[in-house]
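To start, the structure under review is shown below, and the notes come after it.
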Amino acid sequence: MYVIVEIAGQQFKAEKGRKLYVNRLEGAEGAPVSFDRVLLTDNDGQVKVGAPVVQGARVEAKILKHLKDDKVLVFKKKRRKGYQKLNGHRQCLTQVEIVNLVA
């Protein structure tokens, strides 16, 4: 069984025991979280599509750790003008483990 769930504005495929990296969530490490914006459920070929969400379905997860993603460098240059700009960015992420799917 798997579901498509919306977490922090992004859609993820969630299965029991799967670990996901999502945008930073509030909560301490080890704390349980629940997501109720389930868009689709698939239970061995029986598909339910929500309009916009499936009623009564939710995903229960546990926060494993908070971390930062790899650094992304943004380099801008205009030739023959003496203009160079270098910026870096590291996205803040949270690793969650899917504990249970309630459909």
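All of the numbers you see were taken from the coordinates with simple rules; none came from a lab. A quick note: this is a predicted structure, and the numbers were derived from the prediction, not measured. In this analysis, Cβ positions are derived from the backbone assuming ideal geometry, glycine residues included, and neighbour counts consider all displayed protein chains.
Where the eigenvalues come from the Cα gyration tensor of segment 56-95, what are the semi-axes √(5λ) of the equivalent ellipsoid, largest first, in whole Å?
On the way: eigenvalues 324, 28, 4 Å².
Semi-axis lengths for segment 56-95 are 40, 12, 4 Å.
Leaving out same-chain residues fewer than 8 places away, which lysines sit with a Cα under 27 Å from that of Lys71?
Hits, sequence-local ones excluded: Lys13, Lys19, Lys62, Lys85.
Evaluate segment 1-44: find the radius of gyration of its Cα atoms, find its Kirkwood radius, and give the ratio Rg to Rh.
Working: Rg = 11.0 Å, Rh = 11.5 Å.
Ratio value, two decimals: 0.96.
Around Val22, what is the net charge, scoring Lys/Arg as +1 and Asp/Glu as -1 over all other residues with Cβ under 13 Å from its Cβ?
Working: positive: Lys13, Arg18, Lys19, Arg24, Arg37, Lys62, Lys65; negative: Glu6, Glu26, Asp69, Glu97.
My count for the surroundings of Val22 gives +3.
Name the residue, out of Gly17, Gly82, Gly45, whose mean-square fluctuation peaks in a Gaussian network model built on the chain with Cα pairs under 10 Å.
Highest fluctuation among the options: Gly82.
Name the long-range amide H neighbours of Val33: under 5 Å, sequence gap of 5 or more, or other chain; modelled H, no Pro or chain starts.
The answer is Ala61, Lys62, Ile63.
List, in order, the whole-Hz ³J(HN,Hα) value for each residue of segment 6-11 obtained from phi through the Karplus relation with A = 6.51, B = -1.76, C = 1.60 and θ = phi - 60°; use x for Gly and Pro.
3J(HN,Hα) across segment 6-11, in whole Hz: 9, 10, 6, x, 10, 9.
In whole Hz, with x marking every Gly and Pro, tabulate ³J(HN,Hα) for segment 61-75 from phi via Karplus 6.51 cos²θ - 1.76 cosθ + 1.60, θ = phi - 60°.
9, 10, 6, 8, 6, 9, 8, 10, 6, 5, 6, 10, 9, 10, 10
I want to check the label-to-label distance for Val102 and Lys76. Put each point 7 Å from Cα in the C-beta direction and report it in nm to one decimal.
Distance between label points: 4.8 nm.
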